[in-house]
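Peer 1: Let me give you the structure first, and then I'll get to my questions.
Please treat every number below as a calculation from the coordinates, not as lab data. Here the structure is a predicted model, which is why all the values come from computation and not from measurement. Because the Cβ atoms are built from the backbone with ideal geometry, glycine has one as well, and the counts that use them run over all protein chains shown.
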Amino acid sequence: MFSRFFSLDEQKTGVNEATGSKIRMIGYGAGLMLREESFPKGTVVPFHSHYHEQVCYVAAGSANCILADGSERVLHAGECAYIGPNEEHSVVMLEDTTIIDAFTPIRVDHLEQPEINR
């Protein structure tokens, strides 16, 4: 069995120096990851893509989610978006915003970020 618990003192945290966002690795397993990131108003996450499926839940604040095809949607607290594998997307924080992302498979690159405390 591959089960584990992540108490607050066991969760890895850090600050992204480029954006000033606060990161908290909520938990992860063999194929699913939850990650929280709190962004200052005006932060722009540039267009990018990854092979992971992503559900992006806005826990607080609001953000404009933009897809490569030009479609966009302002997401408010309590709303979410699904981003498919390899789909280019960008996000602009319209106010101080906290986002919880679920990724499958897990983002190993996020686990290895140097700004995350071990």
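Peer 1: Based solely on its DSSP helices, what 222 nm [θ] is calculated for the chain when runs of n ≥ 4 H residues each add -39,500 (n - 2.57) and the sum is averaged over all residues, nearest 500 deg cm²/dmol? The partial results should precede the final answer.
Peer 2: Details: 1 runs with 4 residues, N = 118.
Value at 222 nm, helices only: -500 deg cm²/dmol.
Peer 1: Continuing with the same structure: Considering the zone a paramagnetic label at A60 would reach in this model (a point 7 Å from Cα along the Cα-to-Cβ line), which residues of region 1-25 have amide N under 12 Å from it?
Peer 2: 22
Peer 1: Follow-up. About the Cα centre, and with charges only on the beta carbon of Lys, Arg (+1) and Asp, Glu (-1), how big is the dipole of the chain? Nearest 20 debye, please. Walk me through the numbers on the way to the answer.
Peer 2: Values: 9 positive and 17 negative charges, 63 e Å.
My answer is approximately 300 debye.
Peer 1: Sticking with this one: Under 37 °C and 0.692 mPa s, how fast does the chain diffuse according to Stokes-Einstein, given a Kirkwood radius computed over C-alpha pairs? Answer in µm²/s, whole number. Walk me through the numbers before you get to the answer.
Peer 2: Numbers: Rh = 14.6 Å.
After rounding, the answer is 224 µm²/s.
Peer 1: Hey, can you grab everything whose amide H is under 5 Å from the amide H of S62? Only 5+ residues off in sequence or another chain; H modelled, so Pro and N-termini drop out.
Peer 2: Hits under the 5 Å cutoff: L94, E95.
Peer 1: Taking all pairs of distinct Cα atoms, average 1/r, flip it, and tell me the Kirkwood hydrodynamic radius of region 51-118 in Å to one decimal place.
Peer 2: Numbers: mean 1/r = 0.0780 Å⁻¹.
Across region 51-118, the inverse of the average 1/r is 12.8 Å.
Peer 1: At what distance in nm do the modelled label points of L32 and L94 sit from each other, each positioned 7 Å from its Cα along Cα→Cβ?
Peer 2: Distance between label points: 2.9 nm.
Peer 1: Got a sec to turn the phi values of region 47-60 into Karplus ³J(HN,Hα) couplings, 6.51 cos²θ - 1.76 cosθ + 1.60 with θ = phi - 60°, whole Hz, x for Gly and Pro?
Peer 2: 3, 7, 8, 7, 7, 7, 7, 9, 10, 10, 10, 8, 7, 7
Peer 1: Under 8 Å for C-alpha pairs, at least 6 residues apart: give me the relative contact order for the chain, rounded to a whole percent.
Peer 2: Relative contact order here is 32 percent.
Peer 1: Return the loop-located GluC sites (Glu not before Pro) in region 16-78 (DSSP other than H, G, I, E, B) with at most 15 other Cβ atoms within 10 Å of their own Cβ; answer none if there are none. Show your work: numbers first, answer last.
Peer 2: Values: sites: E17, E36, E37, E53, E72; in loops: E17.
Listed in order of number, the matching sites are E17.
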